[in-house]
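Following: one structure in structure tokens, then a few remarks.
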Amino acid sequence: SELIRGFLLSGMPCPSSCPPGLLALMAPGLALMATFSLPSQAGDRRALPVEKPPGVKGRTLILLDVNTKSPVRIISENFLSLQLDPSIIHDGWLDFLSSRRLVTLARGLAPAFLRFAGKRTDFLQFHNVKNPAKSRGGPGPDYYLKNYEDDIVRSDIALDKQKGCKIAQHPDIMLELQREKAAQMHLVLLKEQFSNTYSNLTLTARSLDKLYNFADCSGLHLIFALNALRRNPNNSWNSSNALSLLKYSASKKYNISWELGNEPNNYRTLIGRSVNGSQLGKDYTQLRSLLQLIRTYSRAHLYGPNIGRPRKNVIAFLEGFMKVAGGTVDAVTWQHYYIDGRVAKVTDFLKTRLLDTLSDQIRKIQKVLNTYTPGKKIWLEGVGTTSAGGMNNLSDSYAAGFLWLNTLGLLASQGIDVVVRHSFLDHGHNHLVDQNFNPLPDYWLSLLYKRLIGPKVLAIHVAGLQRKPRPGRVIRDKLRIYAHCTSYHNHNYVRGSITLYIINLHRSRKKIKLAGTLRDKIVHQYLLQPYGKDGLHSKLVQLNGQPLAMVDDGTLPELKPRPLRAGRTLVIPPLTMSFYVVKNVNALACRYR
């Protein structure tokens, strides 16, 4: 058995009572416990009785091997992608997307999709005017407002003179005034969100130019969600404004993919009038016909329907949509938020039940697709740790990373092709980059993922030894291990290398011994921990003991690994996230793209 082989390779004798039920666990990217157990009956999990080998004291020792012959899943190169919310028009941040610092940060996460969508998608109107000196509504610092607006216009004029990628250097005073304006607008946006009543937004041609310039300069592919709430009297979609936007984008030869609407299952709460799944399917068919009439977009990708959490009524909506437009869309999309940001606590991010809520949703979506369009790609869009804009010092802290990294591992292991993170830059506290343009912990986590993780997902084999738990104690999956081929874009590692990423939710350290094909290989450790006195609430992180920060506006820091000698046991500190590149494995699954 794999377990016995693992014990032999590790140099430890297998216990005399190795039970058949404890043979090596194998599941694609399975999240595993340091304290392994099997269900004896529904709702009851008891530790398997195993004899402790000589020399193993106290803590669990986990034996880990990886199936290197073939991948169990292959996901998109753009698996980890980004979202921008249309609220950046309201609060003014769209005018600053040309910032060198923001472009540098976004470029670090390429290749990826950039989805422009959110709650305000269905209140967005396109206006085909350049209008560089447009009036910007909303509160602002009156004394300085004119100078602030003039600075924006001067910046626009300077950008117009640049060819190719257009990059701006905004003065500090200009950014300070923008942050002041955005802080006041944040209160307006939150009021809209909590009341579920949204004001209309105008996207000018110049604003669309700035959005596309940001995506293009950053190496991101733009996905634009069109307003689906423009309705004719018979409740069919009114495409006139969308057609104006499509024609303008085509005239600029913008390479864009498209969506229609955002969370259409909730339209009744927004406008008091619902759109059912089959009607939205007809609307998507209409949009596909429009795209085919425009040469630039005749083969453009179309994604949808971007439903909310798949409860019973939402599943019925999806079924209606798939019957009509299942063959029209290139991928089926839905979105998910784990926690209500207004009531979240740091302990919520450590709950294994919360981490596992996504699995049930994936099964529900897959069941519908297997019925109507087997093999159709599935995307999770607009995913965030918390709803309602998040909570300061929580959804933007180190603690939120446990949910984010587990989401990436779980979705990849289940074959979800793309996950779109809400949001790259946004009001509230769910973003990757704050309003000082400083990267937050989830940004660094995402950067490590992009640098180290390739699209091929590998199955893992694990065996563990566990002390007998206290009577009545339920053992949960607090140690989660995922494995991929190392990214082909990382030239520090030869093809055939493997990357493990591990989440330790235990309040004690755990030890992992690499066995089988991974045995006696040199390992590079990337251990991400909070930096400073705030602990799990920290907005700063350290990599292998060194604080992470940008070198300058155009340069990300070097992500230096800590080499571990061949055969060394991996020691995983409590409440941490880490990546381990196992070098020179020469894994057959990872040799070729």
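Extension gain for the segment Asp520 to Arg107, taken as residue separation times 0.36 nm less the Cα-Cα distance, is 145.1 nm to one decimal. Our summary gives region 434-593 a relative contact order of 31 percent, counting only alpha carbon pairs under 8 angstrom and 6 or more residues apart.
Here the spin labels are modelled as points 7 Å beyond Cα on the Cα-Cβ line, and at Ser289 and Asp552 they lie 5.6 nm apart.
Accessible surface area normalised per residue over region 448-585 is 43 Å², counting heavy atoms of protein chains with a 1.4 Å rolling probe. Candidate cross-link partners of Lys510 among the lysines, defined by an alpha-carbon separation under 19 Å and a same-chain spacing of 8 or more, comprise Lys52, Lys57, Lys351, Lys468, Lys478. Between Arg231 and Lys511, residue separation times 0.36 nm minus the direct Cα-Cα distance comes to 94.9 nm. Spatially, region 269-294 and region 414-468 are offset by 33 Å when compared through their Cα centroids. Each residue of region 303-309 was assigned a 3J(HN,Hα) from its phi angle through the Karplus expression (A = 6.51, B = -1.76, C = 1.60, θ = phi - 60°), giving 10, x, x, 6, 6, x, 4 Hz with x at Gly and Pro. For region 199-315, the number of Lys pairs with C-alpha atoms closer than 22 Å, counting only pairs eight or more positions apart or on separate chains, is 5. Per-atom-type breakdown for region 257-383 gives carbon and sulfur 48% of the accessible area (1.4 Å probe, protein chains only).
When the surface is traced with a 1.4 Å probe over the full set of protein chains, Lys323 keeps roughly 140 Å² accessible. The separation of region 517-582 from region 200-224, counted between C-alpha centres, amounts to 34 Å.
Close amide H pairs (under 5 Å, H built 1.01 Å from N) link Lys377 with Val332, residues at least 5 positions away or on another chain. Amide H contacts for Tyr531 (H built 1.01 Å from N in the peptide plane; partners 5 or more residues away or on another chain; cut-off under 5 Å): Leu540, Val541, Gln542. Counting 0.36 nm for each residue step from Asp360 to Ser199 and taking away their Cα separation leaves a gain of 54.5 nm. 3J(HN,Hα) along region 409-415, derived from phi through the Karplus expression 6.51 cos²θ - 1.76 cosθ + 1.60 where θ = phi - 60°, amounts to x, 5, 5, 4, 5, 8, x Hz, with x in place of Gly and Pro.
Taken along the Cα-to-beta-carbon direction at a fixed 7 Å, the label points for Ile271 and Ser251 span 2.6 nm. In the context of the full set of protein chains, region 204-315 has a per residue accessible area of 40 Å² (1.4 Å probe). Based on C-alpha pairs under 8 angstrom that are at least 6 apart in sequence, region 492-557 has a relative contact order of 16 percent.
Distances between placed amide hydrogens fall under 5 Å for Ala225 paired with Phe116, Glu259, all partners being 5 or more residues away or on another chain.
Computed from the Cβ-Cβ distance with R0 of 25 Å, the FRET efficiency linking Arg154 to Gln184 stands at 0.60.
The values are calculated or read from the model by the stated rules, or taken from the named source; none is laboratory data. No experiment lies behind these values; they were computed from the predicted model shown. For neighbour counting, all protein chains shown are included, and Cβ atoms are generated from backbone atoms with ideal geometry for every residue, glycine included. The accessibility values were calculated without ligands, DNA or RNA, using every heavy atom of the protein model including side chains. Shrake-Rupley method; radii C 1.70, N 1.55, O 1.52, S 1.80 Å.
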